[in-house]
Structure formats: C-alpha cells, structure tokens
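The values are calculated or read from the model by the stated rules, or taken from the named source; none is laboratory data. Given the structure is predicted, the values throughout are model-derived calculations rather than measurements. Cβ placement follows ideal geometry from the backbone for every residue including glycine, while neighbour counts extend to all protein chains displayed. Please note that ligands, DNA and RNA were not included when accessible areas were found on the heavy atoms of the full protein model with its side chains. Shrake-Rupley method; radii C 1.70, N 1.55, O 1.52, S 1.80 Å.
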Amino acid sequence: MERLEAEPFTDGGNDAVVRLPGRGFPGLLIQGDSLGALRPDVAALVEVTGAAVRRSSTGGRFTAVVAWLRDVSSRKARL
C-alpha cells in the first residue's frame, strides 16, 4: 500500500477534509469504523426506497455505494 501526504483543511477527529496530491479539490476522509457504521443505514435507505431508487437516474449510484461500503467493511475485517 502506498503512503500519501494529504493537505489537511480541518483538525481531524473521526472525519477530516483533506486534499490529496494531484487533486484540484479537497475530499472527505471518514474513519473506517465510522464508515462501517454507515453501511447498514445506506443499505436500509436503499431497501426502503426500493424500486423508486432502482428506477431513478441515481439508483445505480446508491447500490454502488452500498457495494463499496460492504467491500470496505470486509477489507477492514481482514486487516
């Protein structure tokens, strides 16, 4: 895994706004345990909204976010 130096815009905590090298805009960094805690909520949101989300233009993004959070959570469990 490559180590990167990021330019911080906040003091940190469980989340931080940082800009990675080569990027024009800052991004949000969320600690793995906090991110893992969000996964069930996002999955529940997708389930509750059901077919409406799948039919919408952003439906694919919601399901992709759930899949990504599931993947991140499983990688964290292996570390």
Which value in nm describes the separation of the simple spin-label points at ASP11 and LEU45, placed 7 Å from the Cα toward the beta carbon?
2.8 nm
If you roll a 1.4 Å probe over the heavy atoms of the protein chains, what accessible area per residue do you get for the stretch 1-46, in Å²?
81 Å²
Describe numerically, in nm with one decimal, the distance between label points set 7 Å from Cα along Cα→Cβ at THR63 and at ARG3.
4.1 nm
